[in-house]
Every structure is written in structure tokens, then in C-alpha cells.
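No lab work stands behind these numbers, since they all come straight from the coordinates. None of these values were measured; they are calculated from a predicted model. Don't worry about glycine lacking a Cβ; one is built from the backbone with ideal geometry, like all the others, and counts go over all protein chains shown.
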Amino acid sequence: MKGLRVGVALCGSFCTFGQIMPQIRRLTESGYEVYPIMSQTAYETDTRFGKAADWRKELESITGRVVWHTLADVEPIGPRKLLEVLVVAPCTGNTLAKLAHGLSDTSVSLACKAHLRNQRPLVLAVSTNDALAGGGINISALMNRKNIYLVPYNQDDPREKPCSAVANFGLLCEAVAAAYDGEQLQPIYG
């Protein structure tokens, strides 16, 4: 899959950024051309998990590209057919809801809308505290849409956060390859 243009969009599930960066590096080392995208929140919010500027710097260092983070940055994805695959990792409950309901008011949700207009694979790596509660309906709705694939996920802390789920980020490269071939990596949950 060398040379495959893959967008990787990060949303505000900041606790997972440390797990995602090595997977983005893996994509680049596998020969993918990776284009980094961040939601405005991820792009500018410092948290206990790190400073926004440090995450941006690491992402740009791994990919060799400037992070797209505005609506104007991502809008050309559709008309110019810039990507073969787009990954949202982490994909928060908020972004899942926006995608399920056709909202495109953030850089990540607009990137997804722009990309899907070309009928190309969108890979979602779920990370939300309500995946098995209120967010479940959005995940189910998206699973039934053409060209949308999920990175396999499971409960991250069944005892303390029984409704929370997170993608197995270690399967990100495999999920991208499967989605590019039009297949859902299995099992999706468990």
C-alpha cells in the first residue's frame, strides 16, 4: 500500500493521544502518505495529558506535514480527492453524533463529509465514555452506512466505566488496509 494517501484526524479524547502517535508512525513507516488533521479543540487545548503545541509538533514531525485544523484546510479533501482513506482516531462521542446526523461544523466532521462524497473509506476509532449508552445509537447508525468502517473496539474499564469503549489502536494499520479493500476488520467488538 505504499504511497496510499491517508488522512488521520484527531478529536479531543486526549487520554488516547499517547496510544495513537505510535500507530501514526507505523502508518508512515509502512509507506503511507499521512496527512494530519486535528479538531480545533484538539489543536489548541492543553490538558493533563499534554500541551496542544507538543501534540501538534509530534504529529507534524511524524508525518512531515502541517496539521490541517480549519474548515478551509479540510474542505478541498472532497473536490480535489486528496485522500484514499480517512481515519478519525480518536473518534469521540461528539464526532460520532455529528457524523451520524450529517453535521459538518468542525474540521474533522467536514473532512469526513468531504471525503465521503468521493465514496472512499472512512475508518472510525471509537473512544467515548457513552459508547454502550447514548452513543451506541450513533455507532450503530454509522455501521450501517456505506464506506464507513470501525477499528475493532472494546470496553476500556467495565467495572468503573461500564458504558465506555475505546478502539484497539494497535489494529489501526490493519483496519486501514481492510477498509481500503472494502472489508470490515473483525471482530468489531470484544
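How high is the relative contact order of the chain? Use alpha-carbon pairs under 8 Å, at least six apart in sequence, and give a whole percent.
Relative CO of the chain lands at 21 percent.
Provide the per-residue ³J(HN,Hα) series for segment 102-107, in order, calculated from phi with Karplus coefficients 6.51, -1.76, 1.60 and θ = phi - 60°, each as a whole number of Hz, with x at glycine and proline positions.
In residue order, the calculated couplings are x, 8, 9, 9, 10, 4 Hz.
Which whole-Hz ³J(HN,Hα) couplings does segment 76-86 yield from phi under the Karplus relation 6.51 cos²θ - 1.76 cosθ + 1.60, θ = phi - 60°, glycine and proline marked x?
x, 3, x, x, 8, 6, 6, 10, 8, 9, 10
Residues with amide H under 5 Å of VAL8's amide H, sequence separation 5 or more or different chain, H placed in the peptide plane at 1.01 Å from N; which?
TYR35, ILE37, VAL87
With charges set only on the Cβ (+1 for Lys and Arg, -1 for Asp and Glu), what does the dipole of segment 119-176 come to about its Cα centre, in debye to the nearest 20?
It comes to approximately 300 debye.
Lysine pairs in the chain with Cα distance under 29 Å, only those 8 or more apart or on different chains: how many are there?
17
Could you state the principal axis extents of the C-alpha atoms in segment 35-133, from the largest down, to the nearest angstrom?
38, 36, 20
Using the Cα atoms of the chain to build a convex hull, what is its mean projected area in square nanometres?
For the Cα atoms of the chain, the hull's average projected area reads 9.6 nm².
Hey, got the Cα dimensions of segment 141-190 along the principal axes, in Å, largest first?
37, 24, 12
What spacing in nm lies between the two simple spin-label points modelled at ARG25 and GLN155, each 7 Å away from Cα in the Cβ direction?
That separation, rounded to one decimal, is 3.2 nm.
Rounded to whole Hz and in sequence order, give me ³J(HN,Hα) for segment 54-71 from the Karplus expression 6.51 cos²θ - 1.76 cosθ + 1.60, θ = phi - 60°, writing x for Gly and Pro.
Ordered by residue, 3J(HN,Hα) equals 5, 5, 4, 4, 5, 5, 5, 5, 5, 8, x, 9, 6, 5, 7, 9, 10, 4 Hz.
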